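Enquirer: Have a look at this one before I ask anything.
The values are calculated or read from the model by the stated rules, or taken from the named source; none is laboratory data. Being a predicted model, the structure only gives us computed values, none of them experimental. All Cβ positions, even for glycine, are placed from backbone atoms using ideal geometry, and neighbour counts span all protein chains on display. Heavy atoms of the whole protein, side chains included, go into the accessibility calculation; ligands, DNA and RNA do not. Shrake-Rupley method; radii C 1.70, N 1.55, O 1.52, S 1.80 Å.
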Amino acid sequence: MIPAIPDLSDLDAWRERSARNLAAQWAHIPHMMGLPCERWEDVWAADLGSPAPYPNSAALLRPLTEDAAPELVARLDAFYSSHPGGPWMLWSAWPTPDLSATGLRPAGDMPLMVRLPGALPPAPPELRIVEAHDDTALRAMDHVMIDGYPVHELRPEERLTDARALGGPMRFFVGYLGDEPVTCAASYIGEQEVGIYMVATMPQARGKGYG
């Protein structure tokens with residue numbers, strides 16, 4: 001049976017799907033690499049032990065109330081402080097109360113963008129898109145993410161992934177011009193949706209539709 005196409009106007013349903021997909025995506029790489037992850041009913045947390053905050057992320061699975069915020073942040077503080085690594089981030093698909101009293105500060109509002117099933121425009125003909133099936137391709141993806149996103153806290157030789165992250169519902173893609181990796185993206189396959197993440201393009205290759 002083919003599942004029904006979700007109603008694009010149902011914002012609450014899309015927020016729930018987005019939150020679930022985002023939480024699973026953040027947890028996938030650390031879980032596959034044997035690194036710390038925790039799944040509570042209200043939030044999932046994963047710790048790559050990175051000096052950059054993005055890979056050390058927690059995602060809410062439901063709206064956060066003002067009364068519940070101090071306990072949740074204390075729980076996440078305890079989780080992340082029990083492992084070596086850098087700062088961490090909390091992601092929410094819903095508006096949150098002011099969390100400045102807990103030591104958190106806002107990092108911006110990320111848009112939730114939805115594209116219903118349908119034909120995609122063709123990729124530029126000079127761009128060769130390769131799905132990563134080994135550590136060599138994942139190294140190329142890490143290179144584009146670190147230098148192209150960019151992730152300033154990481155050095156070019158550091159890693160965001162390795163071959164242990166391959167397999168399962170998360171897939172990784174690298175775009176090449178000749179033999180040079182210039183763009184990348186990842187997807188996480190959910191029950192009714194595919195989340196798109198880790199989109200980056202090297203500065204010299206931007207503005208050409210590669211992302």
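Enquirer: Using alpha carbon centroids, what distance separates region 172-194 and region 87-133, in Å?
Expert: If we compute the Cα centre of each part, the gap is 14 Å.
Enquirer: Could you work out what % of the accessible surface of region 1-84 is carbon and sulfur, using a 1.4 angstrom probe and leaving DNA, RNA and ligands out of the count?
Expert: Here it works out to 57 percent.
Enquirer: What is the local net charge at GLU38, summed over the other residues whose Cβ is closer than 13 Å to its Cβ (Lys, Arg +1; Asp, Glu -1)?
Expert: Residues near GLU38 contribute -2 overall.
Enquirer: I would also like to ask the following. Stretch LYS208-THR136 to full length: gain in nm at 0.36 nm per residue minus the Cα-Cα span?
Expert: In short, 23.4 nm is gained.
Enquirer: So if each residue of separation counts as 0.36 nm, and I subtract the Cα-Cα distance between GLU66 and ALA78, what length gain in nm does that give?
Expert: Answer, rounded to one decimal: 2.4 nm.
Enquirer: Can you run phi through the Karplus equation (6.51, -1.76, 1.60; θ = phi - 60°) for region 193-203 and list ³J(HN,Hα) in whole Hz, with x for Gly and Pro?
Expert: Values per residue, Gly and Pro as x: 8, 10, x, 10, 9, 6, 8, 8, 9, 4, x Hz.
Enquirer: With a 10 Å radius around each residue's Cβ, average the other Cβ atoms per peptide and rank 21-27, 162-168, 138-144, highest first.
Expert: Per-residue mean Cβ counts within 10 Å order the peptides as 21-27, 138-144, 162-168.
Enquirer: Still on this structure, please answer the following. Between 0 and 90 degrees, rounded to the nearest ten: what's the tilt of helix 69-81 against the longest Cα principal axis of the chain?
Expert: 60
Enquirer: Calculate, in whole percent, how much of the Cα-Cα pair population of region 1-106 lies beyond 21 Å.
Expert: Taking all Cα-Cα pairs of region 1-106, the fraction more than 21 Å apart is 37 percent.
Enquirer: Over every pair of different alpha-carbon atoms in the chain, take the mean of 1/r and invert it; report that Kirkwood radius in Å.
Expert: About 18.4 Å for the chain.
Enquirer: Counting only residues 5 or more places away or on other chains, whose amide H sits under 5 Å from the amide H of LEU61 once H atoms are built in the peptide plane?
Expert: Answer set, sorted by chain and number: VAL43, TRP44.
Enquirer: Taking only protein heavy atoms into account and a 1.4 Å probe, give the accessible area per residue of the chain in Å².
Expert: 57
Enquirer: Which ³J(HN,Hα) values in Hz, rounded to whole numbers, follow from the phi angles of region 173-184 under the Karplus curve 6.51 cos²θ - 1.76 cosθ + 1.60, where θ = phi - 60° and Gly and Pro get x?
Expert: Those phi angles translate into 9, 10, x, 10, 9, x, 9, 9, x, 10, 8, 7 Hz.
Enquirer: Rounded to the nearest 500, what is the 222 nm mean residue ellipticity of the chain from helices alone, with -39500 (n - 2.57) per DSSP H run of 4+ residues and division by all residues?
Expert: Computed ellipticity for the chain at 222 nm equals -7500 deg cm²/dmol.
Enquirer: If you don't mind, another one. Tell me which residues come under 5 Å, amide H to amide H, from ILE129 once H is placed; ignore anything under 5 positions away on its chain.
Expert: Correct list: TYR176.
Enquirer: Sort 29-36, 121-128 for me by packing, meaning the mean count of neighbouring Cβ atoms within 10 Å per residue, highest on top.
Expert: The densest-packed peptide leads the list: 29-36, 121-128.
Enquirer: For region 107-115, in order, what is each residue's ³J(HN,Hα) by Karplus, 6.51 cos²θ - 1.76 cosθ + 1.60 with θ = phi - 60°, in whole Hz (x at glycine and Pro)?
Expert: Result, ordered by residue: 10, x, 9, 8, x, 9, 10, 10, 10 Hz.
Enquirer: Then there is this: Tell me, what % of the accessible area of region 103-190 is carbon and sulfur with a 1.4 angstrom probe?
Expert: Summing carbon and sulfur atoms, their accessible area is 57 percent of the total for region 103-190.
Enquirer: For the chain, what relative contact order do you get, as a whole percent, if you take Cα pairs closer than 8 Å and at least 6 residues apart?
Expert: Relative contact order of the chain: 19 percent.
Enquirer: Which parts of region 195-211 would a label at VAL114 reach, counting a residue when its backbone N lies under 15 Å from a point 7 Å out along Cα-to-Cβ?
Expert: Output list for this probe position: 195-196.
Enquirer: Would you mind working out the magnitude of the charge dipole of the chain relative to its Cα centre, with +1 at each Lys and Arg C-beta and -1 at each Asp and Glu C-beta, to the nearest 20 Debye?
Expert: 380
Enquirer: Label points 7 Å out from Cα along the Cβ direction at HIS152 and ARG105: separation in nm?
Expert: 1.2
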